[in-house]
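In what follows, a structure is listed as structure tokens, so that the remarks can point back to it.
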Amino acid sequence: TEDGGLGGRTLTLDLLPSAMHGTWRVAAYGDPQAPALAEQSFAVEDFRPERLDFALAAPPDSIDPADPPTVTLAARFLYGAPAGDLAVSGTTLLRPVTELAEHPGFRFGLADEEAEPVGVALPGTRTDAAGQASLVPVLPEGPPLTRPQIAEVRVEVADAGGRPVERVLERPVAGQAPRIGIRPAFRERVEQGGSAAFDLIG
């Protein structure tokens, strides 16, 4: 237990398969007539390993919201056969960030700007006989921001049993307006009366 209810000792449970599926609760007592010293709920479920694999491919450039690139995939079962005629779905998530990989240390956007990720569903499709599929991600519309954004394209391919296998592809979103980046030339703080220097980039 984390709260020391068992004096720092660990309680280990050996669970039987299948017959114990569901939500369970374990409680530890120092006195059977007194309230439990600690208790915890947990779920017992089957673990099914992935039965297929695929990777997402797209141009390495930034995503232009007005002309998003085509994302392709080739799915195969782990025993080697193409994963054909399987449902493909997913979402595109726009995630605000304050830094850009090509300008390390610089921070972009207003510090007090409230920015939350926004998402939209991808158009559904199916893999062909060779296990291949392509889709064009739609970027969700959100409020105008001063911060850069990263597009997370999350694609799921459902195996024959309906279990989805997910892969994620990230690309920066091309800016629609100039940005100013600020990088402090000091660590954390400046002494009172001292000079605070900054590097700027446009």
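Could we say that P144 is outside any strand (DSSP E or B) and open to solvent by less than 20 Å² (accessible area, probe 1.4 Å) here?
No.
Does the range 170-198 hold any residues that are open to solvent by less than 60 Å² (accessible area, probe 1.4 Å), touching a Pro at 6+ places or on another chain (Cβ under 9 Å) and in a strand (DSSP E or B), and which are they?
Answer for the range 170-198, where residues must be open to solvent by less than 60 Å² (accessible area, probe 1.4 Å), touching a Pro at 6+ places or on another chain (Cβ under 9 Å) and in a strand (DSSP E or B): R171, P172, V173.
Looking at the range 96-121, which of the residues that are in contact with a strand residue (DSSP E or B) (Cβ under 7 Å, 6 or more places away or on another chain) and assigned to a loop (DSSP other than H, G, I, E, B) is modelled with the lowest pLDDT?
A115
Scan the range 32-59 for residues that are assigned to a loop (DSSP other than H, G, I, E, B) and more than 29 Å from D159 (Cβ to Cβ) and jot them down.
P32, Q33, A34, P35, A36, L37
Of the conditions (1) at positive phi; (2) part of a loop (DSSP other than H, G, I, E, B), G90 satisfies every one except a single condition; which number is it?
For G90, the failing item is (2).
Considering only the range 60-87, state which residues are not polar (S, T, N, Q) and not in a loop (DSSP other than H, G, I, E, B).
I63, D64, D67, V71, L73, A74, R76, F77, P82, A87
Does E152 satisfy the condition of being open to solvent by 60 Å² or more (accessible area, probe 1.4 Å), under 17 Å from the mean Cα position of the chain (by Cα) and at pLDDT 90 or above?
no
The values are calculated or read from the model by the stated rules, or taken from the named source; none is laboratory data. Everything numeric here is computed off the predicted structure, so don't read it as measured data. Cβ: placed from backbone, ideal geometry, glycine included. Neighbour counts: every protein chain shown. Areas reflect the complete protein model, heavy atoms only, side chains present, ligands, DNA and RNA absent. Shrake-Rupley method; radii C 1.70, N 1.55, O 1.52, S 1.80 Å.
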